[in-house]
1. How many of the residues making up segment B:33-82 are among the charged types (D, E, K, R) and more than 16 Å from residue B:209 (Cα to Cα)?
2. Is there a residue being of a type in the set (A, V, I, L, M, F, W, C), at pLDDT 90 or above and farther than 28 Å from residue A:83 by Cα anywhere in segment A:142-160?
3. If we only count helices (runs of 4 or more DSSP H) wholly inside segment B:158-263, which ones have 3 or more residues that are touching a Gly at 6+ places or on another chain (Cβ under 6 Å)?
4. Mind listing whichever residues of segment A:120-144 are more than 17 Å from residue B:102 (Cα to Cα) and at the interface with chain B (Cβ under 10 Å from one of its Cβ atoms)?
5. Which residue is surrounded by the fewest Cβ atoms within 10 Å (Cβ to Cβ), if the candidates are limited to segment A:42-61 and must be more than 20 Å from residue A:32 (Cβ to Cβ) and either charged (D, E, K, R) or free of Cβ contacts under 8 Å to residues at least 24 places away in the same chain (or both)?
6. Just for helices (runs of 4 or more DSSP H) wholly inside segment B:32-151: which have at least 1 residues that are more than 16 Å from residue A:118 (Cα to Cα), of a type in the set (D, E, K, R) and modelled with pLDDT under 95?
7. State yes or no: is residue B:141 within 14 Å of the chain's Cα centre (by Cα), within 11 Å of residue B:81 (Cβ to Cβ) and among the β-branched types (Val, Ile, Thr)?
8. Taking the conditions exactly as written (among the basic types (Lys, Arg) and crowded, with 17+ Cβ neighbours inside 10 Å), does residue B:177 satisfy them or not?
Amino acid sequence: MDWQPVWLTLKLAGLTTALLLLVGTPIAWWLARTTCRFKHAVSAIVALPIVLPPTVIGFYLLVFLGPHGPGGAITQWLGLGTLPFTFAGLVIASAVYSLPFVVQPIHNAFESVGKRPLEVAATLGAGPWDRFFSVAVPLARPGFISAMVLGFAHTVGEFGVVLMIGGNIPGETRVLSVAIYDHVETLEYGKAHILSACMLGFAFLVLLGLYLANGRIAGREGRA
Amino acid sequence: MTIDVQFRAQRGAFSLDVGLKLPARGVTALFGHSGSGKTTMLRAMAGLEHCAGSMLFGDEIWQDHAQGVFLTAEKRPIGYVFQEASLFGHLSVQDNLEFGFRRTPVSKRRVDMLETVEWLGLGDLLQRSPVNLSGGERQRVAIARALLTSPELLLMDEPLSALDGAAKAAIMPYLERLHAELSIPVVYVTHAVEEVSRLADHIVQLEAGRVVAEGPALSILSDLHRPAMAGEEPGAVIEASIREHDDAHHLSELVLPGGQVVLAPRLAADAGSPVRIRIPAREVSISLRVPEGTSILNILPGRILDHEEGDPGRVLVQLELEGKKGKSTRLLSRISRYSWDRLGLREGMVVQAQIKSMGLAHEG
């Protein structure tokens, strides 16, 4: 069996999840705390990838990051060349595509933590950053776990965006879903079967783990 | 030293406008109905709410609108106990206690961890998770957690209101000791007269965001013209001390400030300790001479100071029990208008105040 697409997929999903935690956590925090009137507009923009066809996202990213787009101009100016059909471009595209799956669970978790524990922490001498890391993040842990699992799994499962912006370059952009498509196109059903079964098993295990973890947390809090 | 507070705020239909100088010692009760602004005022003192105005703690400026000074809550040396204990669910009891303790610079730590744990009876709870504690236990942890920041001002927002009767009764003695042992000022928000009677040295009464009464607790609580302690049975609050216990009759002998001795149902505190008692006006009746053959235990001579006709057919009478060294004790008595007329009572007359012993009950 050809393991290259598997490792590439895991690497892509891992990096995308890490990037999304860095970018998504501040967005989720801002959404949970702000009274700004643009809050709902920002929420809607973050949620767009849920409803848009992946080809639309891929198309716009291709134009944006391409040699004549504003994103492409910046990357060329920085000496990075253009990102479409590279692994780095794929990470950025995946991050855009999976953003709502990371932001929304963390946003909900921060909202359910509420203001009170942060006020308590303030009266106990904790400043804003201290409150965020020692109270808000630990109390929102279930949301972070959901966000990581969903962000990772959703990136593993993407296809349309990858095809639009990544193409099918072995070792660079040829991830699992593209490899399966490729095998089917060339009538290699046996190889397609193996990879598809792996994906199916992986997806089931991820979701099972998520529900078990949420069930345990709910059970622990239920006893209070 | 005083705590100088000037706050103005507009929150929808509610407005707060208070200007006060609070004593920087003892317990100040912020008393009033819900919606009177007492919690908003406490939160503003803590820096959790940003009202226009100023706040001076002694000569330290904590807030001054004109100078653009506003210390956020974490910069103020306060302890805050919320209505619900609000313990951190992700930390053990011990870690909750250490949260504020560790963030207090070593040079400023004056409150000892072990002593506080022992004092509030938390020794067996330290390794537990807050979710497995009872309401009373949680509130004790919250009080200890606030004290362990070695605050210079302790703010308490109805710390008993979320507790049931038994838990309230269990935690009250701790608050009374807090009152006796703590050298820092405490501002205590409540709507319960009982808590005010037992704990307060100074009272601020709020209504619709304005101060309607302010002064030393004993005089405000026993003020004839302020049945204001709103809708509650009027009564006098007296600081007495326990002389001795009579276990055979389940009684305690109490000495009033003027030296008079009265009998009360057996109190839990040790002989020699000070107690506050509340004598509701309905428990005090008046006769012209010392009655004979009565079951009433406490009959004391007193002079009528003042009277007020409140409810139809009833008169509220203020009596002064004169004692040694010019120390007097004031009582309130509620009698019928009919008795007032029939006995020919008037200001200045010396009469016998009859206090039913049960009327001296701790809870009033």
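The values are calculated or read from the model by the stated rules, or taken from the named source; none is laboratory data. Predicted, not measured: the structure shown is a model, and the values here were computed from it. FYI the Cβ positions are ideal-geometry reconstructions off the backbone, even for glycines, and counts take in every protein chain you see.
1. Result for segment B:33-82: 6.
2. Scanning segment A:142-160, I find at least one residue that is of a type in the set (A, V, I, L, M, F, W, C), at pLDDT 90 or above and farther than 28 Å from residue A:83 by Cα, so the answer is yes.
3. B:165-181
4. Passing the criteria: A:137, A:138, A:139, A:140, A:141.
5. A:51
6. B:38-46, B:113-119, B:135-147
7. Numbers: within 14 Å of the chain's Cα centre (by Cα): no; within 11 Å of residue B:81 (Cβ to Cβ): yes; among the β-branched types (Val, Ile, Thr): yes.
Against the criterion (within 14 Å of the chain's Cα centre (by Cα), within 11 Å of residue B:81 (Cβ to Cβ) and among the β-branched types (Val, Ile, Thr)), residue B:141 does not qualify.
8. Details: among the basic types (Lys, Arg): yes; crowded, with 17+ Cβ neighbours inside 10 Å: no.
Considered against the rule, which asks whether it is among the basic types (Lys, Arg) and crowded, with 17+ Cβ neighbours inside 10 Å, residue B:177 comes out as no.
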